[in-house]
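Everything below concerns the one structure shown next.
Every number here is computed from the coordinates shown, using simple stated rules; none is lab data. What you see is a predicted model, and the numbers here were worked out from it, not measured in a lab. Don't worry about glycine lacking a Cβ; one is built from the backbone with ideal geometry, like all the others, and counts go over all protein chains shown.
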Amino acid sequence: MLSDINLQNPTIRRMVLLQLGITVGFAIIAGIISGEHAAVSAVLGGLTNVFASVIFVFVANVGLRTANRAGDTGLWPLLRAELVKLMFIAIQLGLVIKFYDAVSIPALFTTFLVTLLAWRAMLLARGNTPATNR
């Protein structure tokens, strides 16, 4: 179960594609409502989570492979991956806010929060499916 954390896993691939779809949708809506800087801000907010999700998968996969060879449990590699993901998100959002002078904070954080919640919702929905459908 824990060894399935990689980009070839259909659930993880769907989660990343869902985040990309939400990002594009919110960018279009933000662009129509508030202009091109809001659209760019929405793209940056969504891509923050997309990149963070990919980094989480990479760090978790490397950690789990190492833990499996050592016979350890997979909880520490997942915690480490989540911490790296959070640090990456904080750094990326900080860089966007610092260097993009025309950032639209509402568009940036709305898209960021929705893509973040989509990742969690997809994990919860995956956890509630019967074992026969997996």
Q | Computed lengthening from Tyr100 to Ile28, 0.36 nm per intervening residue step minus Cα-Cα distance | A | 24.0 nm
Q. Simple spin-label model, 7 Å along Cα-to-Cβ: Arg65 to Ile91 in nm?
A. 2.1 nm
Q: Please report, in debye to the nearest 20, how large the charge dipole of the chain is about its Cα centre when each Lys and Arg carries +1 at its beta carbon and each Asp and Glu carries -1 there.
A: 400 debye
Q: Compute the long axis of helix 105-127 from its Cα atoms, compare it with the longest principal axis of the Cα atoms of the chain, and write down the angle in degrees, 0 to 90, nearest 10.
A: 20 degrees
Q | Selection from Leu83, Ile105, Leu7, by position along the positive dipole direction of the chain (Cβ) | A | Leu7
Q: Compute the Cα gyration tensor for the stretch 2-125, then decide on rounded, prolate or oblate, letting a ≥ b ≥ c be the square roots of its eigenvalues: rounded whenever a/c is under 1.5, prolate when a/b is larger than b/c in the other cases, and oblate in all that remain.
A: prolate
Q) What residues qualify as long-range amide H neighbours of Ser104, i.e. H under 5 Å apart, gap of 5 or more or another chain, H built at 1.01 Å from N? A) Ser41
Q | Calculated from backbone phi, Karplus (6.51, -1.76, 1.60) coupling profile of the stretch 34-44 in Hz, x at Gly/Pro | A | 10, x, 5, 5, 5, 5, 5, 4, 5, 4, 5
Q. Where does the chain land at 222 nm, in deg cm²/dmol rounded to the nearest 500, when only DSSP H runs of n ≥ 4 count, each adding -39500 (n - 2.57), divided by all residues?
A. -29000 deg cm²/dmol
